[in-house]
Amino acid sequence: MLKTGRADADHFHEECGVFGIYGHPDAAALTALGLHALQHRGQEAAGIVAYDGSQFNTHRGPGLVGDNFGSRDVIDRLPGNVAIGHVRYATTGEVAQRNIQPLFADFEFGGLAICHNGNLTNSYQLRRQLVRRGSLFQSTSDTEVIVHLIATSLKGTVVDRLIDALRQVQGAFSLVALSQDEVIGVRDPLGVRPLVLGRLAEAWILASETCALDIIGADFVRDVEPGEMVVITVDGIESLHPFPPKPRRFCVFEYVYFARPDSVVEGKNVY
């Protein structure tokens, strides 16, 4: 989707970046570094949500990662060994505080933070249906459609509700979510946008590109497969394939425009 009415309207605007980490005492600080490496994917806003075992702590703001997370005081207000983060370049919804990700909501099962990179092509239709059913939207981001689909799902677990929600959306998404018990990474069945899995000592990491692993000294494990859901808990990592297989439709512009030259995307060095 291209935005009009701006001097840069002839440029692509689909390169948000996501990062998630499970099992490291400096989760928020490492997330900030990971987002710094992904800064090229979005310069409009940045946000981090961390969980300390009892409550979710968040900091989100417009501008660059360094503008928001350059202070030790900010990082100290994000305790916990699990965190997710996002750098935003708006594709849906205006540039406003309410649209800065990760989005967070309290559900019946507890808190859930979610952020994604990509475009949901049926978000407007889903939004209208949800509003008719009583959903109250707080943002204009298509990511919030996923939040409300989770809230209205009749499934039992967080994972099942997320699967139920994502089966209703169409389009491109690489998504990272954080609940009280897990960090979840999902890639759409077509594999349009990238998502990689990494390891730093005992911690597991999800990121849009391998450059976010390099900056914190983490090892690249593998690409998350199209249509794959990776669930990271205290018991380890679980791989699910809840969506029907589809032909790969990886976006070639990741190589020529979106990704950093030193990243390895889909097994190929971008440079």
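The values are calculated or read from the model by the stated rules, or taken from the named source; none is laboratory data. Since the structure is predicted, the reported quantities are computational estimates derived from the model, not experimental observations. Positions of Cβ are generated from backbone atoms using ideal geometry, with glycine treated the same way; all protein chains shown enter the neighbour counts. Accessible surface is based on the protein model in full, side chains and every heavy atom, while ligands, DNA and RNA are left aside. Shrake-Rupley method; radii C 1.70, N 1.55, O 1.52, S 1.80 Å.
Residue by residue, here is whether (1) aliphatic (A, V, I, L, M); (2) open to solvent by less than 20 Å² (accessible area, probe 1.4 Å) holds:
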{"site": "Phe107", "(1), (2)": "no, no"}
{"site": "His116", "(1), (2)": "no, yes"}
{"site": "Gln125", "(1), (2)": "no, no"}
{"site": "Leu178", "(1), (2)": "yes, yes"}
{"site": "Ile184", "(1), (2)": "yes, yes"}
{"site": "Thr210", "(1), (2)": "no, yes"}
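Note on the stretch 191-208: residues that are touching a residue at least 40 places away in the same chain (Cβ under 8 Å) and surrounded by fewer than 20 Cβ atoms within 10 Å (Cβ to Cβ) total 3. Residues that are under 28 Å from Pro261 (Cα atoms), among the polar types (S, T, N, Q) and surrounded by fewer than 19 Cβ atoms within 10 Å (Cβ to Cβ) do not occur anywhere in the stretch 44-54. Residue pairs whose Cβ atoms lie under 6 Å apart, separated by 6 or more positions or on different chains, with the first residue in the stretch 255-267 and under 18 Å from Ile215 (Cβ atoms) and the second open to solvent by 50 Å² or more (accessible area, probe 1.4 Å), are Arg260/His40; Pro261/Tyr271. Quick check: anything in the stretch 229-241 under 20 Å from His40 (Cα atoms) and surrounded by fewer than 20 Cβ atoms within 10 Å (Cβ to Cβ)? No, the stretch 229-241 contains no residue that is under 20 Å from His40 (Cα atoms) and surrounded by fewer than 20 Cβ atoms within 10 Å (Cβ to Cβ). Taken over the stretch 140-160, the criterion of being charged (D, E, K, R) and either surrounded by fewer than 21 Cβ atoms within 10 Å (Cβ to Cβ) or within 14 Å of Leu240 (Cα to Cα) (or both) is satisfied by Lys155, Asp160. Of the residues screened, Glu15 is not one that is open to solvent by 40 Å² or more (accessible area, probe 1.4 Å), modelled with pLDDT under 95 and of a type in the set (Asp, Glu).
The criterion of at least 3 residues that are closer than 28 Å to Phe109 by Cα is met, among helices (runs of 4 or more DSSP H) falling completely within the stretch 143-260, by 143-152, 158-166. Do we have Val270 as buried (at least 17 other Cβ atoms within 10 Å of the Cβ) and either at pLDDT 95 or above or not small (Gly, Ala, Ser) (or both) here? Spelling it out, Val270 is indeed buried (at least 17 other Cβ atoms within 10 Å of the Cβ) and either at pLDDT 95 or above or not small (Gly, Ala, Ser) (or both).
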